[in-house]
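In what follows, a single structure is set out as structure tokens and then discussed.
The values are calculated or read from the model by the stated rules, or taken from the named source; none is laboratory data. Just so it is clear, the structure is predicted and the values come from calculations on it, not from any experiment. Using ideal geometry, Cβ is built from the backbone for each residue, glycine included, and neighbour counts are taken over all protein chains shown. Areas reflect the complete protein model, heavy atoms only, side chains present, ligands, DNA and RNA absent. Shrake-Rupley method; radii C 1.70, N 1.55, O 1.52, S 1.80 Å.
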Amino acid sequence: MSVILITGCSSGFGLGAAVALAKHGETVVATMRNPTKARPLQDAAAAAGVAVEVAQLDVTDPTSRERAVADVMTQYGRIDVLINNAGLCAIGAAEVLGEDNLRGQFETNLFGVYALIVAVVPGMRVRRSGRIVNVSSVGAFYTPKFMMGYCASKHALDALSVGMDLELKDFNVRVTSVAPSGFGTALSSNVAPPSVEPLYGNAPRKRYEDWVAALEKRPDISPVVEAIVEAATTPNPRLRYLVKSSSTPPPLEAIVTAKNRFDEDRRSAG
């Protein structure tokens, strides 16, 4: 039985993965910025007949990160698996998106992830065992119009995942990522619609509306949850799990397969 810490569990992939991993027999600490939003997770766990521990964790807050990791270590003595699922997205023209907006996406999607990994890796190295799963996006491999900020942060997350996997392999710690395409989660509800402005007119707003409409047509997130569970529990995970949907560009699977082969060859070669 592994002790698993997951971020972003109030809804979507995090909620689904927390319940599925508990059903798998793991000890799950499911975290979220606001634990008052834990009712859907608690109801889903109860319906599945499993127990999931809920804890507060804001991945952008150093004090919150330190407390969450320390609490798990005090209670269980170890963290076997860290699943970085919390994410943030903004849609808008890069020229007018704003530096604060861009930094905010990187704080959640990259720097918060990095800080949590650095917090848990020492214990994994000592035990010579551990798994880190980063929930990325197809945006790590291609960039749609008006989504530069989000995709840039996911490109960076992919580089972080591959680099740390190469560095930690001698300690028997694997870093892997799950890259979903468009699936229906609460991410879209947390994205503010872009305003209409003189330079780009209604085009960013139209992109936002089309994106939300596409996500709402794909409510079944089970393929992503299954990929997260496999990445967290299989003895030999893939470096990247691409989870396709109808919106996935056809060449993307070949691109990710080739990147996996290249990076796994590098890993084997040392």
Could you work out how far apart the two model spin labels at R78 and E167 are, taking each label as a point 7 Å from the Cα in the direction of the beta carbon, and quote it in nm?
-> 2.3 nm
So for the chain: antiparallel DSSP bridges make up what percent, rounded to the nearest 5?
-> 5 percent
Consider just the alpha-carbon atoms of the chain and return their Rg together with their Dmax, both in angstrom.
-> 18.1, 57
Per residue, what accessible area does the chain have, given a 1.4 Å probe and all protein chains present, in Å²?
-> 46 Å²
Would you work out what percent of the accessible area of the range 1-114, with all protein chains in place, is carbon or sulfur (probe 1.4 Å)?
-> 50 percent
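Quick check: with the 1.4 Å probe, what order do M148, M1 take by accessible area, largest first? Mind showing how you got there, number by number?
On the way: M148 70, M1 155 Å².
Solvent-accessible surface, decreasing: M1, M148.
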Measure nothing fancy, just the Cα-based angle from helix 148-168's long axis to the longest principal axis of the chain, in degrees from 0 to 90, nearest 10.
-> 20 degrees
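Local charge sum around Y76 (other residues, Cβ-Cβ under 14 Å, Lys/Arg +1, Asp/Glu -1)?
Working: positive: R78, R127; negative: E26, E53, D71, D80.
Neighbour charge sum, excluding Y76 itself: -2.
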Amide hydrogen neighbours beyond the local backbone of A86, cut-off 5 Å, H modeled | T7, G8
Relative contact order, percent, the chain [alpha-carbon distance under 8 Å, six or more residues apart] | 18 percent
In a GNM of the chain with a 10 Å cut-off on Cα contacts, which of E167, E230, E99 has the highest mean-square fluctuation?
-> E99
When the range 86-134 is reduced to its Cα atoms, the Kirkwood hydrodynamic radius in Å | 12.6 Å
Ellipticity estimate at 222 nm from DSSP helix runs (n ≥ 4, -39,500 (n - 2.57)) divided over the chain, nearest 500 | -15500 deg cm²/dmol
Compactness of the range 36-158 as Cα Rg over 2.2 N^0.38 Å, two decimals | 1.21
Can you give the extra length, in nm with one decimal, that the chain gains between K206 and Q56 once fully stretched, where that is 0.36 nm per residue apart less the Cα-Cα distance?
-> 50.5 nm
Could you calculate, for the range 13-69, the ratio of the Cα radius of gyration to the Kirkwood radius, expressed as Rg to Rh?
-> 0.99
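For a quick check of your reading of the filter: which trypsin sites (Lys or Arg not before Pro) in the range 62-163 sit in a DSSP loop and have no more than 13 other Cβ atoms within 10 Å? Kindly include the intermediate steps, with their values, before the conclusion.
Numbers: sites: R65, R67, R78, R103, R125, R127, R128, R131, K145, K154; in loops: R78, R128, K145.
Loop-located and lightly packed - R128, K145.
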Whole Å is fine, so just give me how far the alpha carbon centre of the range 123-146 lies from that of the range 28-78.
-> 20 Å
Among the lysines in the chain, how many pairs, 8 or more places apart or on different chains, have alpha carbons under 19 Å apart?
-> 8
